1. So in the stretch A:49-82, with the set limited to residues that are within 11 Å of DNA strand D (Cβ to nearest atom) and among the small types (Gly, Ala, Ser), which one is farthest from the chain's Cα centre (by Cα)?
2. With respect to A:Gly72, is the statement that it is within 14 Å of another protein chain (Cβ to nearest Cβ), within 16 Å of DNA strand C (Cβ to nearest atom) and open to solvent by less than 30 Å² (accessible area, probe 1.4 Å) true?
3. Does A:Asp100 qualify as being away from DNA strand C (no atom under 16 Å from the Cβ) and assigned to a loop (DSSP other than H, G, I, E, B)?
4. Would you please list the contacts, defined by Cβ atoms under 8 Å and residues six or more apart or on different chains, that run from a residue in the stretch A:115-144 that is more than 11 Å from every other protein chain (Cβ to nearest Cβ) to a residue that is acidic (Asp, Glu)?
5. Could you tell me whether the stretch B:155-176 includes any residue that is more than 9 Å from chain A (Cβ to nearest Cβ), within 30 Å of A:Tyr141 (Cα to Cα) and within 20 Å of the chain's Cα centre (by Cα)?
6. Spot the failing condition for B:Phe129; the list is (1) part of a helix (DSSP H, G or I); (2) over 20 Å from B:Leu83 (Cβ atoms), and only one is missed.
7. Among all residue pairs at least 6 apart or on different chains, which show Cβ distances below 8 Å where the first residue, located in the stretch B:59-70, is over 9 Å from B:Thr30 (Cβ atoms) and the second is near DNA strand C (Cβ under 9 Å from one of its atoms)?
8. Looking at the structure I just gave you, is B:Leu138 open to solvent by less than 70 Å² (accessible area, probe 1.4 Å), at pLDDT 95 or above and within 16 Å of DNA strand D (Cβ to nearest atom)?
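The values are calculated or read from the model by the stated rules, or taken from the named source; none is laboratory data. Just so it is clear, the structure is predicted and the values come from calculations on it, not from any experiment. For neighbour counting, all protein chains shown are included, and Cβ atoms are generated from backbone atoms with ideal geometry for every residue, glycine included. Keep in mind that these areas ignore ligands, DNA and RNA; they rest on the heavy atoms of the full protein, side chains included. Shrake-Rupley method; radii C 1.70, N 1.55, O 1.52, S 1.80 Å.
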Protein chains: 2
Amino acid sequence: MDNEQTAQVAGGTGTARPGTRRPGGRTARTRAAVRDAVVAGLTEHGYSGLTVEYVAEHSGVHKTTLYRRWGGVDGLVADTLDLAGEDGWAPPDTGSLDGDLRALALEVVHSFADPAAAAPSSAVIAAAFQSEPAAQALRAYYAERFARCEVIVDRAVARGELPGPRSAVDGGALVRAVAAPLFFRLFITREGLDEPDADHAVAVALAAAHAGTFTKET
Amino acid sequence: MDNEQTAQVAGGTGTARPGTRRPGGRTARTRAAVRDAVVAGLTEHGYSGLTVEYVAEHSGVHKTTLYRRWGGVDGLVADTLDLAGEDGWAPPDTGSLDGDLRALALEVVHSFADPAAAAPSSAVIAAAFQSEPAAQALRAYYAERFARCEVIVDRAVARGELPGPRSAVDGGALVRAVAAPLFFRLFITREGLDEPDADHAVAVALAAAHAGTFTKET
DNA sequence: AGGCAAATGCAACTCCACTTGCGTTAGGTG
DNA sequence: CACCTAACGCAAGTGGAGTTGCATTTGCCT
């Protein structure tokens with residue numbers, strides 16, 4: 001299989017790829033079974049240990065079908081992230097901006113501290129290095145995630161914790177500023193991550209926010 | 001080859017692995033040729049496209065030797081990063097803290113904007129997902145890099161731009177805070193990176209620094 | 001219901017990453 | 001200078017990921 005540009009994830013542009021024209025019963029069952037098997041394989045062997053054959057055996061779907069519909073391991077993982085993005089997740093609501101951001105940061109810390117929970121997320125980050133579909137899935141996932149988080153800032157403005165809608169704080173930028181140092185330590189410098197790191201990330205972002213660094217004039 | 005724990009990068013603990021007991025002429029030449037070939041392969045095909053056989057052909061070193069001494073692609077890439085860490089790089093010295101950090105951030109932006117220059121760096125980040133040796137190499141590389149950067153803060157303190165040695169700013173933390181959002185956009189959210197991003201990262205970090213967020217009491 | 005095409009199942013094959021056993025070269029040492 | 005052994009070269013073999021052509025099943029539509 002040719003790396004770089006694997007493509008063929010179901011749900012794309014629309015030039016008759018398998019799995020898109022017939023969203024009926026079997027196809028849907030196949031997708032569900034496959035994605036369960038992918039998550040299982042990821043938590044069991046990690047991304048580098050995940051093989052198409054494993055997914056085939058644990059899902060009851062034939063190997064050929066997996067290659068045809070998903071193009072390979074990259075596509076399987078990317079599609080699994082799309083599923084994860086469709087959950088009912090909502091940002092924490094603690095009653096204060098500081099509390100919300102702290103809770104958010106701690107959520108990141110704890111989710112990656114648990115190997116089972118961390119496996120799918122880090123798998124897609126790894127897959128994005130190899131395949132464009134995975135990179136797109138990753139981009140879309142976090143864009144949607146951060147969009148949901150902007151409520152945090154809206155509420156803070158309503159409470160008077162941040163300046164009003166005229167010179168508003170860019171919610172997406174603020175949340176990104178909280179998350180960035182955490183992922184940086186996890187996957188770039190590989191320094192490890194604990195709760196004080198979460199607190200520090202929040203403190204830095206909040207200090208910058210109150211200094212007006214995230215302000216977008218309107 | 002078994003993933004997870006490939007090991008066998010030259011220069012380790014000392015239980016008689018090939019390439020360590022005889023640092024003579026041929027061995028040294030082999031290492032140099034191999035690392036050149038790895039960089040070439042990385043810039044040409046990227047990490048996912050790099051194969052041991054390619055390195056064998058382009059270095060004149062036999063395939064078997066590569067597997068024996070480096071254990072596989074992961075080890076080759078990790079060893080190459082060790083080489084890169086031994087260069088004469090020094091942080092910018094522009095005469096102001098803001099200028100230094102800006103120059104530093106722009107260096108990151110530009111180095112990853114050029115695909116050829118970006119290939120080796122991002123390759124190791126990707127490799128760290130699969131192999132512990134690569135992760136260690138990555139950790140060591142950035143630790144050493146950030147240690148070199150602490151001069152920036154020392155100079156700023158000497159100039160009076162930051163509070164003195166009593167309640168000093170943690171230089172490593174400040175530099176990390178500048179770098180984190182850049183790598184975050186590059187490899188996690190995959191949003192792309194441009195010069196305004198560099199400026200913004202510096203502004204956030206500086207605002208937090210002046211608010212005392214990086215202060216470590218002594 | 002019945003027929004058409006999409007989607008999946010199946011088995012055999014290809015190709016390449018990786019291994020293994022042994023012979024050869026060359027660096028260090030007395 | 002000669003020996004000894006670490007490090008390297010070589011060629012054949014192995015296993016598994018990924019492919020291919022065809023048979024079979026199952027949605028959807030009239």
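1. To start, the set of residues in the stretch A:49-82 that are within 11 Å of DNA strand D (Cβ to nearest atom) comprises A:49-57, A:62-68, A:70-76.
Next cut, among the small types (Gly, Ala, Ser) only: A:49, A:56, A:71-72, A:75.
Numbers: A:Gly49: 20, A:Ala56: 25, A:Gly71: 21, A:Gly72: 20, A:Gly75: 15 Å.
Step by step, filter the stretch A:49-82, then rank; the result is A:Ala56.
2. Details: within 14 Å of another protein chain (Cβ to nearest Cβ): yes; within 16 Å of DNA strand C (Cβ to nearest atom): yes; open to solvent by less than 30 Å² (accessible area, probe 1.4 Å): yes.
Against the criterion (within 14 Å of another protein chain (Cβ to nearest Cβ), within 16 Å of DNA strand C (Cβ to nearest atom) and open to solvent by less than 30 Å² (accessible area, probe 1.4 Å)), A:Gly72 qualifies.
3. Details: away from DNA strand C (no atom under 16 Å from the Cβ): yes; assigned to a loop (DSSP other than H, G, I, E, B): no.
So A:Asp100 does not fit the description; no.
4. Pairs that qualify, where the first residue is more than 11 Å from every other protein chain (Cβ to nearest Cβ) and the partner is acidic (Asp, Glu), are A:Pro133/A:Asp74.
5. Initially, the stretch B:155-176 is screened for residues more than 9 Å from chain A (Cβ to nearest Cβ), giving B:155-172, B:174-175.
Right, trim to within 30 Å of A:Tyr141 (Cα to Cα) and you get B:174-175.
From what's left, within 20 Å of the chain's Cα centre (by Cα): B:174-175.
Yes, that holds for at least one residue.
6. (1)
7. Listed by first residue and then by second, the contacts come to B:Lys63/B:Val52; B:Lys63/B:Glu53; B:Leu66/B:Val52; B:Tyr67/B:Met1; B:Tyr67/B:Val52.
8. Details: open to solvent by less than 70 Å² (accessible area, probe 1.4 Å): yes; at pLDDT 95 or above: yes; within 16 Å of DNA strand D (Cβ to nearest atom): no.
So B:Leu138 fails the test.
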